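Novice: My questions all concern the structure below.
The values are calculated or read from the model by the stated rules, or taken from the named source; none is laboratory data. Just so you know, these numbers come straight off a predicted model, no measurement behind them. Glycine gets a Cβ as well: all are built from the backbone with ideal geometry, and neighbour counts include every protein chain shown.
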Amino acid sequence: MDHSRSRTLFAQAQKTIPGGVNSPARAFKSVGGDPVFIARGNGASMFDADGNAYLDFVGSWGPLILGHRHPAVIDYLRQALEIGVSFGAPTAREIEIAELIAEIVPCVEMVRLVNSGTEATMSALRVARGFTGRELTVKFIGNYHGHVDSLLVKAGSGLATLGISDSGGVPAGFANTTIALPYNSVEAVEQCFAERGGEIAAVILEPVVGNMGCIPPKDGYLQALRDITAKHGTVLIFDEVMTGFRVALGGAQERYGVTPDMVTLGKIIGGGLPVGAYGGRREIMEKVAPLGPVYQAGTLSGNPLAVAGGLATLRILKDLPAIYDSLERKTTNFANGVEAAARELGVPLTINRVGSMITFFFHPGPVVDWETSEKSDTARFAKFFRGMLERGVYLPCSQFEAAFLSDALTDDDIDVAISAAREALAEVIA
Ligand SMILES: *Cc1c(COP(=O)(O)O)cnc(C)c1O
């Protein structure tokens, strides 16, 4: 593959954009080489500035569950464009999407739209603190909740990949309000609550982690968190920015049958446009201004274009639940194909998968938390990533990120990706 145009663009970008990218993971730092610049996408594919084609297993890091330029989504967006792009005043469409979210997501009685997942988690924590009158938050090592000051503590993927444990510019006083515990350990949470339960406003987690690679919750883990937080009057927040409408229509809370007090949403909820949301029990959400004392606002919140992208996407997902069965089947086939190739070649590989989220850990396994995930052979992953890219398969550019399948990928596309993986794995051990 020729990447000369992308290389030129990257050199130019670095002059005016820090690191040449508008979000760190995109810089390919952990896999080496220069990022490819994308020119356009269609269905399951993306095309770069040099005209190379890729099967897309990233989907803009999750949002594009229907693939690029789904005709119904594009239609909706065109209609929205005709009406006007922003009013800063309420619109009927906002009620439609709020009602749809409340219908789909088990814990949501009321919901507020924001512009990103980061805004959603930042606001949900503020509301949880306002509701409980407490200050501390419990999070889990390797879970990422956006770049919220107080949550950039042991925060997985981006930070892990860049090799920094905590961000610069975060006052100690903010980081101090967060207690980071190992994921998937009920014991650690029990012990923490035995000591400080009465001070803890919220427990926030990725119910299925995507941001240290895909790591599912152990049996009973989510229910145990539900029981402990209920007992101590702590708000349980599922950060479903990634898992919402992804691991099931109603997210991880539907898939695992555990209902939190609050949820944060993003990614799929905007269908590729910038949207986030937080919601939950009425009693808690009634604390949000102008109804209650917890302030939270946004000039572009409920933006008509973003709402149209989200509404179109959510409606398709709700009307065609078979999409989830089909994604499950394709992702299972992908996992099985790559696993068979790895076994034949003798490459120690652990494949974690939940629905259409999947990670190939270069680690003998099992991978259940940050401690195990971190032990993966990232040099091998980088080689694998490069090999796949050169064969036209676009994977997340970090060992510590999940890949996402879209409904646009066909069974043939999966076969192509498995063949590419077989060759790329052979290079990894060559
Ligand atoms: C992506 C992500 C976020 C942050 O969302 P942004 O829109 O990037 O701010 C928060 N939480 C989780 C679980 C995510 O995957």
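Novice: Mind checking which pairs have a first residue in segment 364-383 that is buried (at least 18 other Cβ atoms within 10 Å of the Cβ) and a second that is assigned to a helix (DSSP H, G or I), Cβ under 6 Å, 6 or more apart or different chains?
Specialist: VAL367/SER373; ARG380/VAL428; LYS383/VAL428
Conditions (1) of a type outside the set (Phe, Trp, Tyr); (2) closer than 23 Å to ASN211 by Cα; (3) away from the ligand (no atom under 16 Å from the Cβ), marked per residue:
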site: ARG7; (1), (2), (3): yes, no, yes
site: GLN14; (1), (2), (3): yes, no, yes
site: PRO24; (1), (2), (3): yes, yes, no
site: VAL31; (1), (2), (3): yes, yes, yes
site: PRO71; (1), (2), (3): yes, no, yes
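Novice: Quick one: ALA230 ticks every box in (1) within 16 Å of the ligand (Cβ to nearest atom); (2) of a type outside the set (Ser, Thr, Tyr); (3) under 23 Å from GLY198 (Cβ atoms) bar one, so which box is it?
Specialist: (1)
Novice: Hey, another quick one. Report, by residue number, each residue of segment 109-136 that is within 14 Å of the ligand (Cβ to nearest atom) and either in a strand (DSSP E or B) or charged (D, E, K, R) (or both).
Specialist: Within segment 109-136, LEU113, VAL114, GLU119 meet the criteria.
Novice: Of everything in segment 185-208, what is out of contact with any His (no Cβ under 7 Å at 6 or more places or on another chain), away from the ligand (no atom under 16 Å from the Cβ) and within 26 Å of THR372 (Cα to Cα)? Give them in sequence order.
Specialist: Result: SER185, VAL186, GLU187, ALA188, VAL189, GLU190, GLN191, CYS192.
Novice: Name the residues in segment 91-105 that are farther than 12 Å from ARG315 by Cα and part of a helix (DSSP H, G or I), would you? Step through it out loud before you land on a result.
Specialist: Looking only at segment 91-105, we keep the residues that are farther than 12 Å from ARG315 by Cα, and these are 91-95, 98, 102, 105.
Residues satisfying the conditions are ALA92, ARG93, GLU94, ILE95, ALA98, ALA102.
Novice: Please list, ordered by first then second residue, the pairs with beta carbon atoms under 7 Å, 6 or more apart or interchain, first in segment 8-19 and among the hydrophobic types (A, V, I, L, M, F, W, C), second in a helix (DSSP H, G or I).
Specialist: PHE10/GLY20; ALA13/GLY20
Novice: Filter segment 420-430 down to residues that are touching a Lys or Arg at 6+ places or on another chain (Cβ under 7 Å) and charged (D, E, K, R) and give me whichever is nearest to ALA335 (Cα to Cα).
Specialist: Pass one, segment 420-430, residues touching a Lys or Arg at 6+ places or on another chain (Cβ under 7 Å): 420, 423-424, 427-428.
Now drop any that are not charged (D, E, K, R), which leaves 423, 427.
Details: GLU423: 15, GLU427: 19 Å.
Only one residue tops the list, namely GLU423.
Novice: If you don't mind, another one. Can you tell me which residues in segment 404-430 are charged (D, E, K, R), within 30 Å of PRO71 (Cβ to Cβ) and free of Cβ contacts under 8 Å to residues at least 60 places away in the same chain?
Specialist: Here is the first cut: in segment 404-430, the residues charged (D, E, K, R) are 407, 411-413, 415, 422-423, 427.
Subsequent filtering for residues that are within 30 Å of PRO71 (Cβ to Cβ) retains 407, 411-413, 415.
Of everything in segment 404-430, just one residue is charged (D, E, K, R), within 30 Å of PRO71 (Cβ to Cβ) and free of Cβ contacts under 8 Å to residues at least 60 places away in the same chain, namely ASP412.
Novice: A further question on this structure: Condition first: over 17 Å from TYR394 (Cβ atoms) and modelled with pLDDT of 95 or more. Now tell me which residues in segment 10-31 satisfy that.
Specialist: Of everything in segment 10-31, those that are over 17 Å from TYR394 (Cβ atoms) and modelled with pLDDT of 95 or more turn out to be ALA11, GLN12, ALA13, GLN14, LYS15, THR16, ILE17, PRO18, GLY19, GLY20, ASN22.
Novice: Quick check, is LEU222 farther than 30 Å from ALA417 by Cα, at pLDDT 95 or above, within 16 Å of the ligand (Cβ to nearest atom) and out of contact with any Cys (no Cβ under 8 Å at 6 or more places or on another chain)?
Specialist: Yes: the conditions hold for LEU222.
The rows are residues; the columns are (1) part of a loop (DSSP other than H, G, I, E, B); (2) assigned by TED's automatic domain parsing to the domain that holds THR132; (3) of a type in the set (S, T, N, Q); (4) farther than 25 Å from ILE269 by Cβ.
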site	(1), (2), (3), (4)
LYS218	yes, yes, no, yes
LYS231	no, yes, no, yes
PHE238	no, yes, no, no
THR243	yes, yes, yes, no
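Novice: So, one more: Looking at ALA379, ALA417 in this structure, which one is small (Gly, Ala, Ser) and either under 23 Å from ARG329 (Cβ atoms) or assigned by TED's automatic domain parsing to the domain that holds HIS145 (or both)? Steps first, please.
Specialist: On the way: ALA379 fails: either under 23 Å from ARG329 (Cβ atoms) or assigned by TED's automatic domain parsing to the domain that holds HIS145 (or both).
When all the criteria are applied, what remains is ALA417.
Novice: Do we find that MET122 is at pLDDT 95 or above and over 25 Å from GLY257 (Cβ atoms) in this structure?
Specialist: Judged against the criteria, MET122 is a match.
Novice: Can you work out which of the residues in segment 209-237 that are over 22 Å from GLU371 (Cα atoms), touching a residue at least 60 places away in the same chain (Cβ under 8 Å) and not hydroxyl-bearing (Ser, Thr, Tyr) is surrounded by the fewest Cβ atoms within 10 Å (Cβ to Cβ)?
Specialist: Top of the filtered list is GLY233.
Novice: Just give me the residues in segment 261-309 being within 16 Å of the ligand (Cβ to nearest atom), assigned to a loop (DSSP other than H, G, I, E, B) and among the hydrophobic types (A, V, I, L, M, F, W, C), in sequence order.
Specialist: Those that are within 16 Å of the ligand (Cβ to nearest atom), assigned to a loop (DSSP other than H, G, I, E, B) and among the hydrophobic types (A, V, I, L, M, F, W, C): VAL275, LEU300.
Novice: Just wondering, is there one or more residues in segment 42-49 that are free of Cβ contacts under 8 Å to residues at least 40 places away in the same chain, of a type outside the set (Ser, Thr, Tyr) and surrounded by fewer than 12 Cβ atoms within 10 Å (Cβ to Cβ)?
Specialist: Scanning segment 42-49, I find no residue that is free of Cβ contacts under 8 Å to residues at least 40 places away in the same chain, of a type outside the set (Ser, Thr, Tyr) and surrounded by fewer than 12 Cβ atoms within 10 Å (Cβ to Cβ), so the answer is no.
Novice: Which of the residues belonging to segment 137-147 are within 9 Å of the ligand (Cβ to nearest atom) and within 17 Å of ILE200 (Cβ to Cβ)?
Specialist: ASN143, HIS145
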